[in-house]
1. Go through D89, D160, D171, D128 for me and flag whichever is acidic (D, E) and under 30 Å from A215 (Cβ atoms).
2. Of all residues in segment 39-54, how many are crowded, with 16+ Cβ neighbours inside 10 Å and in a loop (DSSP other than H, G, I, E, B)?
3. Read through the list (1) of a type outside the set (K, R); (2) closer than 29 Å to E50 by Cβ; (3) in contact (Cβ under 8 Å) with a residue 24 or more places away in the chain, then give the number of the only condition that E121 fails.
4. Name every residue in segment 209-224 that is surrounded by 12 or more Cβ atoms within 10 Å (Cβ to Cβ) and closer than 30 Å to K173 by Cβ, in order of residue number.
5. Taking the options N95, N65, name whichever one is without any contact (Cβ under 8 Å) to a residue 24 or more places away in the chain and among the polar types (S, T, N, Q).
6. Output the residues belonging to segment 23-54 that are modelled with pLDDT under 95 and of a type in the set (A, V, I, L, M).
7. Is it the case that some residue within segment 18-38 is open to solvent by 50 Å² or more (accessible area, probe 1.4 Å), among the hydrophobic types (A, V, I, L, M, F, W, C), within 24 Å of N95 (Cα to Cα) and not in a loop (DSSP other than H, G, I, E, B)?
Amino acid sequence: MNTPAFEPKVEFAAMLEGSDEAIDLIRAAFCIAGEHNPELDPEDSYQRLEKLADRACLQIDTTQNLTDIANKLCHLLYRQVGFCGDSKDYYNPDNSYLNRVLETRRGIPISLALVYIAVGEALGLRVDGIGFPGHFLLSVSLNKDAISQSDDQAESVIIDPYSGQVLSINDCKDLLAVSSGNALPFKPEYLAAIDKRAILRRMLANLKAIYINKADYPQALSLC
């Protein structure tokens with residue numbers, strides 16, 4: 001039986017017609033990558049994610065304290081597997097395409113965040129994107145439908161997927177000071193979760209800016 005051809009633009013448009021909750025964020029990311037690479041077959045990337053999820057399920061006990069769970073998730077993906085920020089070639093378009101991030105284990109905050117989202121959800125966690133100014137972050141919490149939660153632990157934990165570490169509020173204030181050149185005062189709403197459409201808009205905006213700066217206008221146009 002032949003596998004149906006991957007039609008990224010058609011799939012992406014269909015997803016965006018439904019509710020935000022129904023959007024498959026990982027599939028949508030592969031659709032964005034498929035627009036750049038018409039030969040892309042997402043199956044290999046899905047297998048990579050599945051192996052990461054299997055490894056996480058073997059190593060991480062989700063009955064532990066949420067902070068411990070988040071630290072172990074960071075340790076696995078950042079320290080053991082090697083997913084980290086590409087500081088040497090940050091604006092390379094490959095750093096924004098999920099299939100390439102899974103192959104090279106290098107990316108920017110928002111693309112690395114997708115790996116954490118996929119693996120975290122496989123563990124039964126809730127992982128939400130945070131549209132922090134200049135630096136995408138994640139909020140990790142226990143999915144009460146899947147995991148028991150004690151009354152005395154934190155409701156959510158903030159993760160920086162670029163540096164592979166759990167952040168405190170003071171860490172976030174320091175991060176904002178650096179990324180904004182002390183131009184922005186910290187506001188609690190900067191740590192609010194954003195919906196899936198907002199994540200996709202930010203991914204597309206990043207890529208369009210990269211291609212416009214490279215004067216590759218056909219690629220920029222294809223992302224509109």
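The values are calculated or read from the model by the stated rules, or taken from the named source; none is laboratory data. All values reported here derive from a predicted model rather than from experimental measurement. Counting neighbours? That spans all protein chains shown, and the Cβs are built from the backbone with ideal geometry, glycine included. For the accessible areas, the whole protein counts, side chains as well, though only heavy atoms, and no ligand, DNA or RNA atoms are used. Shrake-Rupley method; radii C 1.70, N 1.55, O 1.52, S 1.80 Å.
1. Working: D160 fails: under 30 Å from A215 (Cβ atoms); D171 fails: under 30 Å from A215 (Cβ atoms); D128 fails: under 30 Å from A215 (Cβ atoms).
Exactly one of D89, D160, D171, D128 is acidic (D, E) and under 30 Å from A215 (Cβ atoms), namely D89.
2. 2
3. Of (1) of a type outside the set (K, R); (2) closer than 29 Å to E50 by Cβ; (3) in contact (Cβ under 8 Å) with a residue 24 or more places away in the chain, only one is false for E121: (3).
4. Filtering segment 209-224 for residues surrounded by 12 or more Cβ atoms within 10 Å (Cβ to Cβ) gives 209-212, 214, 216, 219-220, 222-223.
Answer for segment 209-224, where residues must be surrounded by 12 or more Cβ atoms within 10 Å (Cβ to Cβ) and closer than 30 Å to K173 by Cβ: A209, I210.
5. Working: N65 fails: without any contact (Cβ under 8 Å) to a residue 24 or more places away in the chain.
The match here is N95.
6. L40
7. Kept after step one, since they are open to solvent by 50 Å² or more (accessible area, probe 1.4 Å), are these residues of segment 18-38: 19, 21-22, 24, 27, 35-38.
Narrowing further to those that are among the hydrophobic types (A, V, I, L, M, F, W, C): 22.
Next, only the ones that are within 24 Å of N95 (Cα to Cα) stay: none.
There is no residue in segment 18-38 that is open to solvent by 50 Å² or more (accessible area, probe 1.4 Å), among the hydrophobic types (A, V, I, L, M, F, W, C), within 24 Å of N95 (Cα to Cα) and not in a loop (DSSP other than H, G, I, E, B).
Residue-wise test of (1) under 23 Å from L207 (Cα atoms); (2) surrounded by 13 or more Cβ atoms within 10 Å (Cβ to Cβ); (3) at pLDDT 95 or above.
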site	(1), (2), (3)
A56	no, yes, yes
N65	no, yes, no
A70	no, yes, yes
C74	no, yes, yes
L77	no, yes, yes
G82	no, no, yes
D94	yes, yes, yes
L98	yes, yes, yes
I110	yes, yes, yes
